[in-house]
Amino acid sequence: MLSGALVWQSSYAAFTQETRNDGNTFQGGQVTLGNNRTATTDVMFDSTDAPMTPNNPRKRCITVTYSGNVGATVKLFGTAGTSDLAPHLNLQVEAVTAHNLADGSACDGATPDTGVGTAGVLYNGTLDGFTTSHNSYANGVDGWTVTGTGSVSRTYRFTATLQDVNAAQGKSATASFSWQSMSS
């Protein structure tokens, strides 16, 4: 019985100490992306524009701004709506120097940003080719890397040119252009 009492006493003999770190707070980072054409009526190419004629390019610019607080990669991609004209509509997308876009101008004063793409050109093909090959973030163009420290912008010029083919007469096409940022 004496041996049982000795075991009981020794099983409770221990040194202990505790330290704590209270009040921890966690906050998720944020990716914030916007553009200067935010109204649904402020599209780059509009059905109220005059009908297109062959080899008469139509140019429009848009500025995309990233103001998130984490590093990210921003990519451009497109999706097609109606597309019977898309195979006959040439599309060039360029990164260009910023300029005054307040009037939704054709951005004639902008010059290619030669540090991006191939002399500023991010895509040169047809609208159909763009919306087929670059239709999600995974296969989007540009891959613009932002650090998440401050607001940064990139201006894009879209040039649409109707091909000189009879198959383009009376046809139409719609497309959406999207920029998506994904944190790194």
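The values are calculated or read from the model by the stated rules, or taken from the named source; none is laboratory data. Since this is a predicted model, take the numbers as computed values, not measurements. No Cβ is skipped: glycine too gets one built from the backbone with ideal geometry, and neighbour counts run over all protein chains shown.
Restricting attention to the stretch 1-55, the residues that are modelled with pLDDT of 80 or more and among the aromatic types (Phe, Trp, Tyr) total 3. Applying a threshold of 8 Å to beta carbon distances and a minimum spacing of six or more residues, or different chains, the list of pairs starting in the stretch 157-176 at a residue that is under 10 Å from ASP84 (Cα atoms) and ending at one that is assigned to a loop (DSSP other than H, G, I, E, B) reads ALA168/LEU85; LYS171/ASP84; LYS171/LEU85; SER172/ASP84; SER172/LEU85; ALA173/ASP84; ALA173/LEU85.
Considering the stretch 49-86, and only residues there that are aliphatic (A, V, I, L, M) and closer than 14 Å to PHE177 by Cβ, the residue that is surrounded by the fewest Cβ atoms within 10 Å (Cβ to Cβ) turns out to be ALA80.
Here ALA168, ALA110, ALA160 are screened, and the one residue that is over 17 Å from the mean Cα position of the chain (by Cα), surrounded by 14 or more Cβ atoms within 10 Å (Cβ to Cβ) and modelled with pLDDT under 85 is ALA110. Name the residue that is farthest from GLY125 (Cα to Cα), counting only residues in the stretch 137-184 that are among the charged types (D, E, K, R) and not in a strand (DSSP E or B). So, considering only residues that are among the charged types (D, E, K, R) and not in a strand (DSSP E or B), the one farthest from GLY125 (Cα to Cα) is LYS171.
Step by step: first the residues of the stretch 142-152, then only those that are under 14 Å from THR32 (Cα atoms) and surrounded by fewer than 14 Cβ atoms within 10 Å (Cβ to Cβ), then the one that is nearest to the chain's Cα centre (by Cα). Which residue is that? This residue is THR145. Restricted to the stretch 35-85, and to residues there that are in a strand (DSSP E or B) and of a type in the set (Gly, Ala, Ser), the residue that is nearest to LEU162 (Cα to Cα) is SER83. Scanning the stretch 109-135 for residues that are under 22 Å from SER176 (Cβ atoms) and either touching a Lys or Arg at 6+ places or on another chain (Cβ under 6 Å) or acidic (Asp, Glu) (or both) returns a single hit, ASP128. Taken together, the criteria place ASP46 among residues that are surrounded by fewer than 11 Cβ atoms within 10 Å (Cβ to Cβ), free of Cβ contacts under 8 Å to residues at least 60 places away in the same chain, under 30 Å from VAL152 (Cα atoms) and of a type in the set (D, E, K, R). Among the residues of this structure, GLY120 counts as one that is touching a residue at least 12 places away in the same chain (Cβ under 8 Å), crowded, with 16+ Cβ neighbours inside 10 Å and on the phi > 0 side of the Ramachandran plot.
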